[in-house]
Structures are given as structure tokens and as C-alpha cells.
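Peer 1: Below: one structure in C-alpha cells.
The values are calculated or read from the model by the stated rules, or taken from the named source; none is laboratory data. Treat the numbers as computed from the prediction; the structure is a model and nothing was measured. Cβ atoms come from the backbone with ideal geometry, glycine included; neighbour counts cover every protein chain shown. For accessibility, only protein heavy atoms count, side chains too; no ligands or nucleic acids. Shrake-Rupley method; radii C 1.70, N 1.55, O 1.52, S 1.80 Å.
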Amino acid sequence: MERMGSDGFPIQRPRRLRRSPRIRDAVADVVARPDDLILPLFVSDLREPKPVASMPGVNQLPVDAAVSLIRGLSARGLRQFILFGVTPPARKDERGSYAASPEAPVNRTLAAVRQAGLDVLMYADLCLCEYTDHGHCGVIHGRGETAAVDNDRTLEVLGEVARIQAQCGADVVAPSGMMDGQVGAIRTALDQAGFGEVAILAYSIKYASNFYGPFREAGEGGMKFGDRKGYQMDFRRSREWRTELEADLAQGADMVMVKPAATYLDIVHQVRHACSVPVAAYHVSGEYAMLQAAADRGWLDLKPTVLETTYAIKRAGADLIVTYFADRLLDWL
Ligand code: PBG
């Protein structure tokens with residue numbers, strides 16, 4: 001039988017701790033801080049910022065504009081940024097060579113941030129899809145029906161790109177191409193070049209998601225043919241994350257990422273409890289676009305909805321969150 005208090009109400013009255021903002025703040029136990037956030041930036045060779053239509057509020061930025069943005073945001077307390085490069089079609093080729101050029105916008109931005117002496121943590125996304133003419137995340141063999149990403153040839157290119165990113169000033173490289181063995185190959189390439197201190201944030205658990213759609217406009221990295229299901233994970237499998245996690249940890253991943261975030265909270269939670277390295281979750285372009293589009297129509301109130309989503313990702317167990325809302329969250333948290 002339920003125990004009653006002298007007033008006739010049950011002893012367990014959870015509403016006691018919800019009575020006022022003071023008491024709610026006192027008992028809230030999930031914390032989200034600006035230090036948890038990583039803002040993705042799209043850097044390009046353009047002279048002017050160019051809005052990304054499917055991600056209202058997000059722009060492709062020239063290098064100098066990206067550097068001033070990073071300077072301004074870091075002064076306000078946002079200290080982590082991850083860079084993606086936008087490559088003009090004329091610079092794309094079969095093996096994504098431009099990624100390894102010091103002239104590529106990601107590499108120039110890294111160098112400029114270091115030159116400016118900004119006290120920020122710079123992550124470089126490490127994948128070929130923004131640099132290949134076919135748009136896949138690795139080097140391709142065959143075309144059409146039989147086309148497939150050549151895993152091991154891709155590893156060589158990734159090692160080369162990682163070295164350049166490290167040389168230009170990346171603190172962390174973040175391989176997102178889902179090639180088998182990529183973490184080990186990149187670790188070896190970095191160590192051999194004397195970059196033993198550069199960390200690897202592995203996109204270990206990355207699903208073949210439909211929520212990457214807007215990113216492919218932003219990064220101009222859509223595929224010319226096929227899809228990414230041959231290398232990214234199948235969302236119908238619930239245990240495969242462990243295979244990917246164990247492989248990347250064995251190869252030396254310093255931190256791991258789950259991607260997408262809000263539609264994969266079960267996975268974030270399990271990964272958090274299955275390892276001791278920091279866990280990042282990527283609230284991806286489509287997840288951003290849904291919230292922003294609904295808010296732009298007046299169907300959702302943006303600030304509380306983004307806060308709720310961010311706390312949900314933290315509650316699931318993410319240490320770090322990559323989010324296009326990171327700059328606005330600075331004011332909202
Ligand atoms: C590149 C990469 C993608 C994203 C991050 N790195 C696209 C993809 O895998 O197709 C998606 C990020 C987002 O949607 O915000 N491999």
C-alpha cells in the first residue's frame with residue numbers, strides 16, 4: 001500500500017523539487033557547458049561568405065572570415081572548432097589530392113589561426129569526399145555498378161593529408177571516412193612525421209544517415225553515383241558499434257564519435273559505458289535543418305528546443321557535442 005503523509009498526500013511527491021526555478025536549478029544534474037561544444041565551419045576559396053540554403057544561418061566562409069569568426073567566438077568562450085573544406089570542381093580529382101595541398105582552405109585556416117596565436121582547439125575533418133571528383137570518401141576502383149572504394153589505397157592518402165593538417169597546426173585530426181584501419185594508418189603516419197602529440201578523434205560509429213543531406217550542399221561533397229552504404233554503418237544493426245569501437249581503440253583513437261547524435265542516443269549511451277575515452281556526438285546537418293526550419297516557420301521555439309536537444313545528447317553520455325548551434329548556445333547555456 002502507498003504510504004501517506006499526515007496531509008493525506010503520498011510521501012513521494014516529486015513535484016516538491018519542481019516548485020521554483022531555484023529548486024529546479026539546485027537539483028538539475030545534467031550539465032552542458034560551452035567547453036563541451038565544437039562548432040563546424042565550412043571554409044572555401046571564395047572571396048565572400050556564401051549562405052548554405054538548406055542550413056539557414058550557416059555560411060561557407062573565406063579563410064580570413066573564418067579566422068575573424070574564430071577570434072570573436074573564442075573571446076566569448078567558444079574554444080573548439082572543426083574545419084571542413086569546400087573545393088571548387090576544377091580542383092577535384094580521382095584521389096582527392098587537393099586535401100593534401102597547403103593551399104587548401106582547411107590547411108590555410110589552420111595555419112592562419114596558429115599564426116594569429118588564438119587560444120583555441122582546432123580539429124580538422126579528415127576525409128576525401130570534399131576533394132574527390134566522384135564525391136566518395138576514398139579512392140575508387142571501377143565505375144558504375146562495380147565501383148567501390150579501395151580501402152587500403154585510401155589509407156595512404158589519409159596518412160598524407162593528416163601530416164599536412166598537423167603541419168599546418170591541427171591539434172586533433174578527425175577521420176570521418178569509415179575506412180577500415182584508418183585510425184592505425186593515420187597514427188603511424190603522424191608518429192613517423194614527428195607529430196606524436198596530435199590527437200585523433202575517430203568518427204568510429206558513423207551511420208549511413210539520411211540526415212547528412214544538407215551537409216552535402218554545405219561541403220559540396222555529394223556523390224556522383226552510388227551511396228555510402230558500402231562503408232558507413234547500417235542503422236538496422238544495433239550491436240555493430242562495438243566492433244567499430246574496439247577496432248578504433250586498439251588502433252589508438254584518443255576520442256571517439258557517434259554520428260548522428262539525436263537519432264542515435266541509445267548508441268551514445270552504450271558507447272559511453274563501453275569505453276573510458278571521451279565520447280563526442282555529432283548533431284548533424286539534417287538534425288540542425290529540421291529544428292531551424294521548423295523554428296523559421298514558427299512551429300517550434302528555437303532556443304528551448306535546441307537546449308532540450310543539447311541536454312538530451314549530454315544526458316545520453318556525450319562529453320563533447322559537435323553542433324551548428326554552438327555559437328548560439330554560448331548565449332543560451
Ligand atoms: C564527410 C562527412 C560528412 C559529414 C561529416 N563528415 C558527410 C558524409 O559522410 O556524407 C556529415 C556532417 C553533417 O551532416 O553535418 N565524410
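Peer 1: Residues that are of a type in the set (A, V, I, L, M), at pLDDT 95 or above and buried (at least 23 other Cβ atoms within 10 Å of the Cβ): does segment 177-185 have at least one?
Peer 2: yes
Peer 1: A further question on this structure: Could you list, ordered by first residue, the pairs with Cβ atoms under 7 Å in which the first is in segment 25-43 and in contact (Cβ under 8 Å) with a residue 12 or more places away in the chain and closer than 14 Å to Tyr282 by Cβ and the second is within 16 Å of the ligand (Cβ to nearest atom) and part of a loop (DSSP other than H, G, I, E, B), at least 6 apart or interchain?
Peer 2: Pairs found: Pro40/Tyr324.
Peer 1: From the set of residues in segment 283-301 that are away from the ligand (no atom under 12 Å from the Cβ) and not in a helix (DSSP H, G or I), which is nearest to Pro51 (Cα to Cα)?
Peer 2: The residue in question is Arg297.
Peer 1: May I ask you to list the residues in segment 203-258 that are closer than 20 Å to Ala318 by Cα, of a type in the set (D, E, K, R), surrounded by 16 or more Cβ atoms within 10 Å (Cβ to Cβ) and in contact with a helix residue (DSSP H, G or I) (Cβ under 9 Å, 6 or more places away or on another chain)?
Peer 2: Matches in segment 203-258: Lys206, Asp248.
Peer 1: Same structure, new question: Answer yes if at least one residue in segment 189-212 is at pLDDT below 95 and within 16 Å of the ligand (Cβ to nearest atom), and no otherwise.
Peer 2: no
Peer 1: Of the numbered conditions (1) open to solvent by 60 Å² or more (accessible area, probe 1.4 Å); (2) touching a Pro at 6+ places or on another chain (Cβ under 7 Å); (3) not β-branched (Val, Ile, Thr), Gln167 fails exactly one; give the number of that condition.
Peer 2: (2)
Okay, residues lined up against (1) open to solvent by less than 30 Å² (accessible area, probe 1.4 Å); (2) part of a loop (DSSP other than H, G, I, E, B); (3) within 16 Å of the ligand (Cβ to nearest atom):
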{"site": "Ala262", "(1), (2), (3)": "no, yes, yes"}
{"site": "His269", "(1), (2), (3)": "no, no, no"}
{"site": "Ala281", "(1), (2), (3)": "yes, no, yes"}
{"site": "Lys303", "(1), (2), (3)": "no, no, no"}
{"site": "Thr309", "(1), (2), (3)": "yes, no, yes"}
{"site": "Asp327", "(1), (2), (3)": "no, no, yes"}
{"site": "Leu330", "(1), (2), (3)": "yes, no, no"}
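Peer 1: For the structure I just gave you, tell me whether Gly135 is open to solvent by less than 40 Å² (accessible area, probe 1.4 Å), away from the ligand (no atom under 16 Å from the Cβ) and at positive phi.
Peer 2: No; evaluated as a whole, the condition is false for this residue.
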